[in-house]
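I have placed the structure first, in the form of structure tokens, so that the comments after it can refer back to it.
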Amino acid sequence: MQEKLFSKQDIEKIIKEATTREKRYLDTIVIDGKATDTSIHTISPIKRVIFAEGNEHTGYKHIRERHSRHVYKNYWITAENGVIKLDRPSKFHPDITPVFYTCVADAIFQS
């Protein structure tokens, strides 16, 4: 499957929404049942990191599905020698649940 990342237009749309409606998203989790890839899930309180919903390759959905210890989906990759093998993506500590992802983002991202 082809990796689907945010386009320049997607990023511009996300930033515009986050800027004009920051109070709606800041330090809360927005669940409205109509999420698209570019829907904003939350904005971290300190560094203002924007968590857009995304997909399996980018955004909040990617973080939740690929790096949470509580999701057991397997990912297969093709190694340099052509062998297909099980990938071992980095995982959050078991005590880090999705509600703490904004704290992690604020701790690691530069302003």
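Values quoted throughout were computed directly from the atomic coordinates according to the rules given, and no laboratory measurement underlies them. Nothing here was measured: the structure is a model prediction, and the numbers come from that model. All Cβ positions, even for glycine, are placed from backbone atoms using ideal geometry, and neighbour counts span all protein chains on display.
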| field | Single unsatisfied condition, ILE50 versus (1) surrounded by 13 or more Cβ atoms within 10 Å (Cβ to Cβ); (2) out of contact with any His (no Cβ under 9 Å at 6 or more places or on another chain) | value | (2)
| message | Looking for something at positive phi and surrounded by 12 or more Cβ atoms within 10 Å (Cβ to Cβ) - is there at least one such residue anywhere in region 79-89? | response | no
| remark: Given the conditions (1) in contact with a helix residue (DSSP H, G or I) (Cβ under 7 Å, 6 or more places away or on another chain); (2) surrounded by fewer than 15 Cβ atoms within 10 Å (Cβ to Cβ); (3) not aliphatic (A, V, I, L, M), every one holds for ARG64 apart from (2)
| Within region 31-48, tally of residues that are out of contact with any strand residue (DSSP E or B) (no Cβ under 6 Å at 6 or more places or on another chain) and on the phi < 0 side of the Ramachandran plot | 10
| request: Sort out which residues of region 6-25 are surrounded by 13 or more Cβ atoms within 10 Å (Cβ to Cβ) and farther than 21 Å from PRO45 by Cβ, and write them in order of number. | output: PHE6, ASP10, ILE11, LYS13
| message | Show the residue pairs meeting these rules: Cβ distance below 6 Å; 6+ apart or different chains; first residue within region 44-57 and farther than 13 Å from GLU22 by Cα; second residue basic (Lys, Arg) and surrounded by fewer than 15 Cβ atoms within 10 Å (Cβ to Cβ). | response | ASN55/LYS4; HIS57/LYS4
| request: Sort through THR28, THR42, THR38 and tell me the only one that's assigned to a loop (DSSP other than H, G, I, E, B) and surrounded by 17 or more Cβ atoms within 10 Å (Cβ to Cβ). | output: THR38
| Does any residue in region 82-107 that is free of Cβ contacts under 8 Å to residues at least 40 places away in the same chain come within less than 9 Å, Cβ to Cβ, of a residue that is part of a helix (DSSP H, G or I) and basic (Lys, Arg) six or more places away or on a different chain, and which pairs are these? | PRO89/ARG66; SER90/ARG66; LYS91/ARG66; PRO98/ARG64
| message | For a quick check of your reading of the model, give me the residue pairs whose first member lies in region 4-19 and is part of a helix (DSSP H, G or I), whose second is surrounded by 14 or more Cβ atoms within 10 Å (Cβ to Cβ) and of a type in the set (A, V, I, L, M, F, W, C), with beta-carbon atoms closer than 7 Å and at least 6 apart or on different chains. | response | ILE14/ILE40; ILE14/ILE50; ILE14/ALA52; GLU17/ILE40; ALA18/ILE40; ALA18/ILE43; ALA18/ILE50
| How many of the residues in region 54-94 are within 23 Å of TYR25 (Cβ to Cβ) and not in a helix (DSSP H, G or I)? | 7
